[in-house]
Ligand code: ZN
């Protein structure tokens, strides 16, 4: 056994990581990235071995102009057959537009904020109004035999309301599951989680949501993203989302970082002996390409340091 194996009881741990940079990341970039550049970056991610990439969103182009070329991007990319392409849909109109190009993706994400104020400011509707629509939209997604994923933003705290009760968040998750969601992602939208709470949260979530894939989506706003991911892993979570180059992810307050960086998360897992199925070198290649496209330094650690290279006798 090598030094960096973490194979307790001979059991190899495996996790799944969805790359969300092309949506969650690009959406929050101040610059608009040219469509061919987006396509090139997503193709580079495809070569890293992701089985799931969030590619586009069907929000109104006047609201998020950065993602107005979603259909073009979906049509232009060339990712491996077994890479599921996810799209984010904000409302029924968005779902209509998405289903018009039904053949271009396999997974649909619907979202709500656990906090009333955040939901209102984000999509100008109450949580109750949003959840009423989720029922109808979920039925259509299931009928189309698409994978129905739900995302609950501000699951670990709200910048306006502060603490958000675990019971409220998991109640919303159960509502999503009841209308057909098979995966529920819990987003730490502005980086308010801590490892102790994250562990408690994911232990409880996994208990309360049997048969549902429970996904951790942490932000590194206050530098605790990886610690939270580790805590979630230890609590039994095996599904994560992250963004290459630490791109985007709701940088509130302005200037702070957002999503945890995929390459840092993968590096940590690999060093722990946790399998991701990903080629870390290729993730870093994609992140460096993004850096070149954006023309500024990105903030992930692995982009600077590269992967851990053990001397031959310590491999
Ligand atoms: Zn995010």
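Overview of values
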{"quantity": "Residue match in the range 202-222 (condition: at pLDDT below 95, within 16 Å of the ligand (Cβ to nearest atom) and out of contact with any helix residue (DSSP H, G or I) (no Cβ under 8 Å at 6 or more places or on another chain))", "calculated": "yes"}
{"quantity": "Filtered residue count, the range 243-258, keeping only those that are modelled with pLDDT of 90 or more, over 11 Å from the mean Cα position of the chain (by Cα) and away from the ligand (no atom under 11 Å from the Cβ)", "calculated": "1"}
{"quantity": "Residue count, the range 66-114 (criterion: over 18 Å from the mean Cα position of the chain (by Cα) and closer than 18 Å to residue 132 by Cβ)", "calculated": "6"}
{"quantity": "Check on residue 91, within 27 Å of residue 158 (Cβ to Cβ), surrounded by fewer than 16 Cβ atoms within 10 Å (Cβ to Cβ) and out of contact with any strand residue (DSSP E or B) (no Cβ under 6 Å at 6 or more places or on another chain)", "calculated": "no"}
{"quantity": "Some residue of the range 149-160 being under 30 Å from residue 104 (Cβ atoms) and surrounded by fewer than 18 Cβ atoms within 10 Å (Cβ to Cβ)", "calculated": "no"}
{"quantity": "Identity of the residue in the range 225-242, over 9 Å from residue 198 (Cα atoms) and within 14 Å of the ligand (Cβ to nearest atom), that ends up nearest to the chain's Cα centre (by Cα)", "calculated": "241"}
{"quantity": "The range 116-147 - residue that is closer than 25 Å to residue 228 by Cα and touching a helix residue (DSSP H, G or I) at 6+ places or on another chain (Cβ under 8 Å) and, of those, surrounded by the fewest Cβ atoms within 10 Å (Cβ to Cβ)", "calculated": "116"}
{"quantity": "Search result, residues across the range 76-86 that are free of Cβ contacts under 8 Å to residues at least 40 places away in the same chain and surrounded by 13 or more Cβ atoms within 10 Å (Cβ to Cβ)", "calculated": "77, 79, 83, 85"}
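Per-residue answers, yes or no, for (1) touching a residue at least 12 places away in the same chain (Cβ under 8 Å); (2) within 16 Å of the ligand (Cβ to nearest atom):
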site	(1), (2)
138	yes, no
146	yes, no
149	yes, yes
162	no, no
173	yes, no
176	yes, no
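The values are calculated or read from the model by the stated rules, or taken from the named source; none is laboratory data. Nothing here was measured: the structure is a model prediction, and the numbers come from that model. Neighbour counts run over all protein chains shown; Cβ positions are idealised from the backbone, glycine included.
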